[in-house]
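Engineer: Supplied in structure tokens, the structure appears directly below.
The values are calculated or read from the model by the stated rules, or taken from the named source; none is laboratory data. None of the values given here were measured: they were computed from a predicted structure. Cβ coordinates were reconstructed from backbone atoms using ideal geometry, including for glycine residues, and neighbour counts include every protein chain displayed. Side chains are part of the model used for accessible areas, which takes the heavy atoms of the whole protein and leaves out ligands, DNA and RNA. Shrake-Rupley method; radii C 1.70, N 1.55, O 1.52, S 1.80 Å.
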Amino acid sequence: MNPSNEEQKISLPQYFVLQMMVFGAISFHLYPWLVLQSTAQSYWIPILIWMLLGLLGAWLFSRVLALHKGKDAYTIAKRVLGWPGVILFIVPLLWFMWSAMVIVVRAHSEMISMTILHSTPQWFLDGMIFIGVFLAFGGIGSIIRASVLFLLVSFPLSVGLVLLGFGDLNVNLGKPWLYTNGDFLTSPKFYTTSFVWAGYLYYAACGKYAEHPKKLWRPYTVAALCFLPLLAASVYQPALTFSPEMSRILTLPYISKMDSVSYYWLVIENLTAVFIVSSILYLFLLLALIMNCIVTAVRAVFPSWNEKLLCVLAGITAYAAIRLIPSWEWIERAVEWDTALRLYLMYGFPIAVLAKSFISNKMRSRQ
Amino acid sequence: MSRRAARCLGIICLLLFLPGCWDVKDVDNRLLETAIGIEPAGGDRVRVWMRFPLSQSQDGAHKEFFVIKQEGGTVIEAIDQLRLRLPKSLDMSQNQSIFLDQALAKKGFMPYLEFTIRDRTVPLDSLIAITTGGMESIFERPNPTGELSGIYTKLFFERYGGGTSQKNVVSLWEIFRGYYDPLEECLVPVLVTDPETIFRVAGNAFFKNDAMIGMISPEETLIYEIVTGKMSPFEIETADKMNLKILDSSADIDTDMKNGKPVIRIHAKLSMTLMDSARGIDIKAEHLEASINRLIEQRAATVFRITQAQESDIFGLGNRFRGKVPPSQYDRWPKLYSAATLEFKLDSELKNTGLQLRRRPFINPSNEK
């Protein structure tokens, strides 16, 4: 359908935009809650640790993509590891992406109905997944073009909201600032926060359009650095306003923080609505990107299957699954359960592929 | 071509969903409530008061507001009962202030206010105040200065309106912080009815957990404002019959743990200007500063004594001990606070004497006999 995609090239700034959308869509809902739950000491330490681990993962992953330039991660896995690669990598990745899509859509529709659209039925809000399907029809090219446009609207909004949140802060509530006893290492919530930094996995399909796949960790790094202040603010602003003890009992600490913002000169009363609008823009693009990844993954195994039909199929199955999720608590738990699989995909898989290719190269040179 | 047209039609149909007005209730079909009052109604029951401003077009009876009250087992039950009596949809999203009766505050506010943080029905930045002497005079009387209902209380407290340092302004979320954070307690204004305006500030109630356990006077609230750095720049103090305007205040707080006991040293600075010198009396600036220091230090000692006796750390000093006390010990903070050594030292400085010199002008003695 999109022959232009075949010879398409994606520049590093465009990868950066894609990664920004990924960060925007997954940062603000569960992340602050998880970090606040994971430790009673300095919060920036667990935040920074995972960011650095995320950079390491992105670097490994870009190495994998560089093994065969112009091929997506699935084809590379298939070539290097053979059919075991399909089972060990493509199947878990498919499951991971599909479940990420389900969770993120449901989390947003819960958020919307908790905050602004109380009377709109959930089944209708969950339908926003089909906007992602629609966007994915256009292929990666149109996803990127739309991302650039959406980012111009939503990122300034996110930054503005964070800046507005700097009122009413009490620095003493963040103490101790420079101390940790490592209590987060024993908390499963700490490992769960890795979901925010797993964004580079979505390069799996579109990574093949890169001129230098080796450099793909760079756009990820720049996007991570751009979002680090926002992520830190989403954790620290509720903690410094409401006290960590109170933030821990809030389902969505960052949204409650925005509810508490009040300035005499501020014309907009409902900052939460502005926040939701900006995060939905991120969400649409993330959905389209995931859909694209899923379709490419399936087609790596069954090349003859129709792209659009697969998109629709992924959308319908995800929608059905979204409707089956019983509660918000379940979403929190699902993200936690996903941790082992996510860590495997983030580090285990790239290391396995790199090791295998290293060994076979050695053996070839010996022969 | 027809395929393209079909696609366009499809997109236009999708656009219909964009406004997001599913089961929407138009503004003219809602009653927007701006003030809530909660008072006891005998036994475990509560009575909820609500005041709705009415727009000019609806004034059949030339009323500017409409008041309704309803009893119930819980606040939410009473609100639900209210809806059985209202002609339009009840909308609490524009609420500006919540009044809680003193009797309920003494029992503990959580059972009455918890719904506000659980559900986004009431904005978290609503003002909260404790009232004595019933809700009727607050809700039934028209605003003497003509503001819309709800705005009146907001203006009364907020610093951009009639707020002063002695009117401690507290948002709804702040009292929840006082409740959930073991290292601090909240300080909520107490209102009594006033014959000319609607109410006046009688003092500020301090809490332990969610129960009101005592009250400090408006003058004593100044100490709270100085220590927490919330002082607004216009506050009058009287010493030696001279009126001084406090322009600015700052507080350096030094905290330490010694032998398992907190030691807190507060060094506050005030800069002032002379407002009114009782004519005929000439006092040196140093003398005036010293008497202000003495006056406020004595007052501070009283406030610390009262709050330490009741184990209520209204200043949030405990937050400064985060990291110095292990988190598992946070719950013991009220005890630690009551045993803490608190030193309060004030340095005040008379910056200037306004547009008039305080010194008596020096006139050359006349040579005329």
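Engineer: Suppose a student asked you for the relative contact order of the range B:28-216, using Cα pairs under 8 Å spaced at least 6 residues apart; what percent would you report? Kindly include the intermediate steps, with their values, before the conclusion.
Structural biologist: On the way: 386 pairs, mean separation 37.5, N = 189.
Relative contact order for the range B:28-216 comes out at 20 percent.
Engineer: Given the options A:ALA352, A:ALA58, A:ALA204, which has the most mean-square fluctuation in a GNM of chain A, springs set between C-alpha atoms less than 10 angstrom apart?
Structural biologist: Highest fluctuation among the options: A:ALA352.
Engineer: Computed FRET efficiency, Cβ-Cβ of A:TRP337 and A:LEU309, R0 25 Å: what is it to the nearest 0.05?
Structural biologist: Once rounded, the FRET efficiency stands at 0.25.
Engineer: Using a cut-off of 17 Å between alpha-carbon atoms, which aspartates and glutamates can reach A:LYS69, once sequence neighbours fewer than 8 places away in the same chain are excluded?
Structural biologist: A:GLU6, A:GLU7, A:GLU211
Engineer: While we're here: Would you mind getting me the FRET efficiency between A:ILE316 and B:LEU15? Use the beta-carbon distance for r and R0 = 25 Å, nearest 0.05.
Structural biologist: So the FRET efficiency works out to roughly 0.65.
Engineer: Stick to the Cα atoms of chain A, pair each with every other, and give me the Kirkwood hydrodynamic radius in Å at one decimal.
Structural biologist: Mean inverse Cα-Cα distance, inverted, gives 21.1 Å.
Engineer: For chain B, what is the relative contact order in percent, using Cα pairs closer than 8 Å and at least 6 residues apart in sequence?
Structural biologist: Once normalised by length, the contact order is 12 percent.
Engineer: Sticking with this structure for a sec: From the P(r) of the protein assembly as shown, could you give the percentage of C-alpha pairs in the tail past 37 Å?
Structural biologist: Counting every Cα pair in the protein assembly as shown, those more than 37 Å apart make up 52 percent.
Engineer: Would you compute, for the Cα atoms of the range B:28-216, the largest minus smallest coordinate along each principal axis and list the three values in descending order, in whole Å?
Structural biologist: Between the extreme Cα coordinates on each principal axis of the range B:28-216 lie 51, 34, 28 Å.
Engineer: Using Cα-only point scatterers and the Debye equation, what is log10 of I(q)/I(0) for chain B at each q in 0.07 Å⁻¹, rounded to two decimals?
Structural biologist: The computed values of log10 I(q)/I(0) come out as -0.44.
Engineer: For the range A:127-274, rounded, prolate or oblate, judged on the Cα gyration tensor with a ≥ b ≥ c (square roots of eigenvalues), a/c < 1.5 rounded, else prolate if a/b > b/c?
Structural biologist: Numbers: a/c = 2.21, a/b = 1.42, b/c = 1.56.
Oblate, because a/c is 1.5 or more while a/b does not exceed b/c.
Engineer: Please identify every one of the chymotrypsin sites (Phe, Trp or Tyr not before Pro) in the range B:204-284 that sits in a loop by DSSP and has no more than 14 other beta carbons within 10 Å of its own beta carbon.
Structural biologist: Answer by residue number: B:PHE234.
Engineer: Could you look at chain B and say what percent of its accessible area is carbon and sulfur, using a 1.4 Å probe and all protein chains?
Structural biologist: After summing per-atom areas, the C and S share lands at 52 percent.
Engineer: Between A:ALA232, A:ALA224, A:ALA73, where does the largest GNM mean-square fluctuation fall for chain A, given springs only between Cα atoms within less than 10 Å?
Structural biologist: So, out of A:ALA232, A:ALA224, A:ALA73, the one fluctuating most is A:ALA232.
Engineer: Heavy-atom accessible area of B:CYS13 with all protein chains present, probe 1.4 Å, nearest 10 Å²?
Structural biologist: For B:CYS13, solvent-accessible area is about 70 Å².
Engineer: Could you give log10 I(q)/I(0) at q = 0.12, 0.13, 0.17, 0.21 Å⁻¹ for the range A:151-229, computed by the Debye formula over C-alpha point scatterers of equal weight, without solvent?
Structural biologist: Debye intensities relative to I(0), on a log10 scale: -0.62, -0.71, -1.04, -1.16.
Engineer: Let me ask something else about it. Could you tell me the distance between the Cα centroids of the range A:294-351 and the range B:226-249, to the nearest Å?
Structural biologist: When both Cα centres are located, 63 Å separates them.
Engineer: For chain A, what % of the accessible area comes from carbon and sulfur atoms, probe 1.4 Å?
Structural biologist: With neighbouring chains kept in place, the figure for chain A is 69 percent.
Engineer: What are the principal axis extents of the Cα atoms in the range A:73-137, in Å, biggest first?
Structural biologist: So the three principal-axis extents are 51, 22, 14 Å.
Engineer: In the range A:96-128, which residues become less accessible by 50 Å² or more once every protein chain is in place, relative to the chain on its own, using a 1.4 Å probe?
Structural biologist: Residues losing area: A:SER119, A:PHE124.
Engineer: Cα centroids of the range A:116-161 and the range B:187-209: how far apart, whole angstrom?
Structural biologist: 48 Å
Engineer: Now for a separate question. Cα extents of the range A:254-296 along the three principal axes, largest first, in whole Å?
Structural biologist: Largest first, the range A:254-296 extends 51, 17, 9 Å along its Cα principal axes.
Engineer: So, for the range A:3-354, what is the accessible surface per residue at a probe of 1.4 Å, expressed in square angstrom? Walk me through the numbers on the way to the answer.
Structural biologist: On the way: 13000 Å² over 352 residues.
Per-residue value: 37 Å².
Engineer: Could you state how much accessible area is buried at the A-B interface, both sides summed, with a 1.4 Å probe, in Å² to the nearest 100?
Structural biologist: Buried surface at the A/B interface: approximately 2600 Å².
Engineer: Another question about this same structure. For the range A:208-341, what value does the Rg/Rh ratio take when both radii are computed over Cα atoms and Rh is the Kirkwood radius, given to two decimals?
Structural biologist: 1.04
Engineer: Filter the chymotrypsin sites (Phe, Trp or Tyr not before Pro) in the range A:72-121 down to the DSSP loop ones having no more than 13 other Cβ atoms within 10 Å, then list what survives.
Structural biologist: Sites meeting the loop and neighbour criteria: none at all.
Engineer: Give me the percent relative contact order of chain A, please, defined on Cα pairs under 8 angstrom at least 6 residues apart.
Structural biologist: Relative contact order here is 39 percent.
Engineer: Restricting to the range B:217-359, compute how many DSSP beta bridges are antiparallel as a %, nearest 5.
Structural biologist: Antiparallel bridges: around 60 percent, rounded to the nearest 5.
Engineer: Shifting gears a bit: Taking square-rooted eigenvalues a ≥ b ≥ c of the alpha carbon gyration tensor, is the range B:217-359 rounded, prolate or oblate, where a/c under 1.5 means rounded and, failing that, a/b exceeding b/c means prolate?
Structural biologist: On the way: a/c = 2.87, a/b = 2.68, b/c = 1.07.
Verdict is prolate for the range B:217-359.
Engineer: Right, something else. Near B:LYS351, which lysines are there with a Cα under 29 Å away, not counting those fewer than 8 places off in the same chain?
Structural biologist: Filter leaves B:LYS167, B:LYS230, B:LYS241, B:LYS245, B:LYS269, B:LYS284.
Engineer: Restricting the count to DSSP beta bridges whose residues both fall in the range B:28-216, what percent are antiparallel, rounded to a multiple of 5?
Structural biologist: 65 percent
Engineer: Ok, one more. Based solely on its DSSP helices, what 222 nm [θ] is calculated for chain B when runs of n ≥ 4 H residues each add -39,500 (n - 2.57) and the sum is averaged over all residues, nearest 500 deg cm²/dmol?
Structural biologist: My calculation for chain B gives -8000 deg cm²/dmol from helical runs alone.
Engineer: When DSSP assigns beta bridges and you keep just the ones with both residues in the protein assembly as shown, what percent turn out antiparallel, to the nearest 5?
Structural biologist: 65 percent
Engineer: Hey, another quick one. As a test of the formula, what do you get for chain A when each DSSP H run with n ≥ 4 contributes -39,500 (n - 2.57) and the sum is divided by the residue count, at 222 nm and rounded to the nearest 500 deg cm²/dmol?
Structural biologist: Calculated mean residue ellipticity at 222 nm is -22000 deg cm²/dmol.
Engineer: Which value, in Å², gives the accessible area per residue of chain B when a 1.4 Å probe is used on the protein heavy atoms?
Structural biologist: Here the residues of chain B average 51 Å² of exposed surface.
Engineer: Another question about this same structure. Please compute the Kirkwood hydrodynamic radius over the range A:1-159, one decimal place, Å, based on all pairs of different Cα atoms.
Structural biologist: 18.7 Å
Engineer: Checking buried surface per residue: for the range A:264-298, which residues lose a minimum of 20 Å² accessible area in the protein assembly relative to the chain alone (1.4 Å probe)?
Structural biologist: A:TYR264, A:GLU269
Engineer: Let me ask something else about it. Quickly rank A:30-40, A:16-26 as a protection proxy: mean count of other C-beta atoms within 10 Å, highest first. Write down the numbers at each step before the final one.
Structural biologist: On the way: A:30-40: 23.3, A:16-26: 25.3.
Packing order, densest peptide first, comes out as A:16-26, A:30-40.
Engineer: Can I ask one more? Net charge around A:LEU30, counting only other residues with Cβ within less than 12 Å of its Cβ (Lys, Arg = +1; Asp, Glu = -1)? Mind dumping the intermediate values first?
Structural biologist: On the way: positive: A:ARG106, A:LYS189, A:ARG333; negative: A:GLU110, A:GLU329, A:GLU332, A:GLU336, A:ASP338.
Residues near A:LEU30 contribute -2 overall.
Engineer: Are there any chymotrypsin sites (Phe, Trp or Tyr not before Pro) in the range A:195-297 that are in a DSSP loop and have at most 16 other Cβ atoms within 10 Å? List them by number. All intermediate terms of the calculation are to be shown ahead of the outcome.
Structural biologist: On the way: sites: A:PHE195, A:TRP197, A:TYR200, A:TYR202, A:TYR203, A:TYR209, A:TRP217, A:TYR220, A:PHE227, A:TYR236, A:PHE242, A:TYR254, A:TYR263, A:TYR264, A:TRP265, A:PHE275, A:TYR282, A:PHE284; in loops: A:TYR263, A:TYR264, A:TRP265.
Of the chymotrypsin sites (Phe, Trp or Tyr not before Pro), the ones in loops of the range A:195-297 whose Cβ has at most 16 other Cβ atoms within 10 Å are A:TYR263, A:TYR264, A:TRP265.
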